[in-house]
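The values are calculated or read from the model by the stated rules, or taken from the named source; none is laboratory data. Because the structure is a prediction, the values reported are computed rather than measured. Positions of Cβ are generated from backbone atoms using ideal geometry, with glycine treated the same way; all protein chains shown enter the neighbour counts. Each accessible area value is taken on the protein alone, full model and side chains, heavy atoms only, with ligands, DNA and RNA left out. Shrake-Rupley method; radii C 1.70, N 1.55, O 1.52, S 1.80 Å.
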Amino acid sequence: MTYNPYNKKMQEPTKILSEEHQFILKVIGALNRECDALEKGKSIDKNFFERAIDFIRNYADKFHHAKEEDILFKELCKDDVNMHCNPTEQMRYEHDLGRNFVKGIEQALKENNKKKVLENARGYTQLLQDHISKEDNILYPMADEALNEEKKKSMLKKFKEAESKRFTKGTKEKYLELANEFEKWQKDK
Ligand SMILES: [Fe+2]
Ligand SMILES: [Fe+2]
């Protein structure tokens, strides 16, 4: 059956984002293992990195980070939401740092520069692993507490709208399959 987090009963919007993290982490795991192989002397597998960049740009950024930036973070910055601190600026900044690392990987591929591929890919995986851990363990629990049921319901609706606006039918499934394939393929190596 096709993966669809909305099929489940009413849930926290952050649960959907956390589930998306699991797919992003599969690609990050594959990137780390590919970096290990590069360090051991393997030459650059351009096709692997290009597919990883496609996933990061479209799924991690356009699909996931956009929902955070345009919906969750905006909601958390409203005056009537009470949080003892608001880490969303830092989270936005980290999304930008991630985008720069991805540009760096892309540039390094053009130059066929292994050292630069490694620096930027490792920079990205480290940044995103930390970032995801902060969101899952700190920001999302804070959001679950700070947002009332009405806001959560409206956010779930906005999530759905954003998904169908950004992704045509089947696009999300294509990226989830890629993440699963990367995870399996890298483990089988
Ligand atoms: Fe984020
Ligand atoms: Fe996230």
| message | Suppose R0 equals 30 Å. What FRET efficiency, 1/(1 + (r/R0)^6) with r the Cβ-Cβ distance, do Lys15 and Trp185 give to the nearest 0.05? | response | 0.60
| field | About the Cα centre, charge dipole magnitude for the chain (Lys/Arg +1, Asp/Glu -1 at Cβ), debye | value | 700 debye
| note | Dipole check, the chain, charges on Cβ (K,R +1; D,E -1), about Cα centroid: among Met155, Gln90, Thr171 the Cα furthest to the positive pole belongs to Thr171
| message | Normalised by the empirical 2.2 N^0.38 Å for globular proteins, what value does the Cα Rg of the stretch 34-189 take? | response | 1.18
| query | For Asp61, what accessible area in Å² do you get when you roll a 1.4 Å probe over the heavy atoms of the protein chains, rounding to the nearest 10? | reply | 30 Å²
| task | For Cys85, Cys35, write out the residues from largest to smallest accessible area, computed with a 1.4 angstrom probe and no ligands counted. | result | Cys85, Cys35
| ³J(HN,Hα), Karplus 6.51/-1.76/1.60, whole Hz, each residue of the stretch 89-99, x for Gly, Pro | 4, 4, 5, 4, 4, 5, 4, 5, 4, x, 4
| Near-label residues of the stretch 101-127 by backbone N, under 14 Å of a point 7 Å along Cα→Cβ of Ser43 | 112-114
| query | Magnitude of the Cβ-charge dipole of the stretch 54-162, K/R +1 and D/E -1, about the Cα centre, nearest 20 debye? | reply | 540 debye
| query | Going toward the positive end of the dipole of the chain, with +1 on Lys and Arg Cβ and -1 on Asp and Glu Cβ, which of His65, Leu31, Ser18 do you reach last? | reply | Leu31
| note | Once Lys and Arg are counted +1 and Asp and Glu -1 for all other residues with Cβ under 13 Å from that of Asp70, the total becomes +1
| In Å², nearest 10: area of Arg122 left accessible to a 1.4 Å probe | 60 Å²
| task | Taking 7 Å along the Cα-to-C-beta vector as the label spot, tell me the Glu163-Asn112 distance in nanometres, rounded to one decimal. | result | 4.3 nm
| field | Under Karplus coefficients 6.51, -1.76 and 1.60, residue-wise ³J(HN,Hα) of the stretch 53-70 in Hz, glycine/proline x | value | 5, 4, 4, 4, 5, 8, 7, 5, 9, 5, 8, 8, 4, 5, 5, 5, 5, 7
| Relative contact order, percent, of the chain when contacts are C-alpha pairs under 8 Å separated by at least 6 residues? | 41 percent
| said: If you fit an axis through the alpha-carbon atoms of helix 13-39 and take the longest principal axis of the Cα set of the chain, what angle between them do you get, 0 to 90°, nearest 10? | reply: 10 degrees
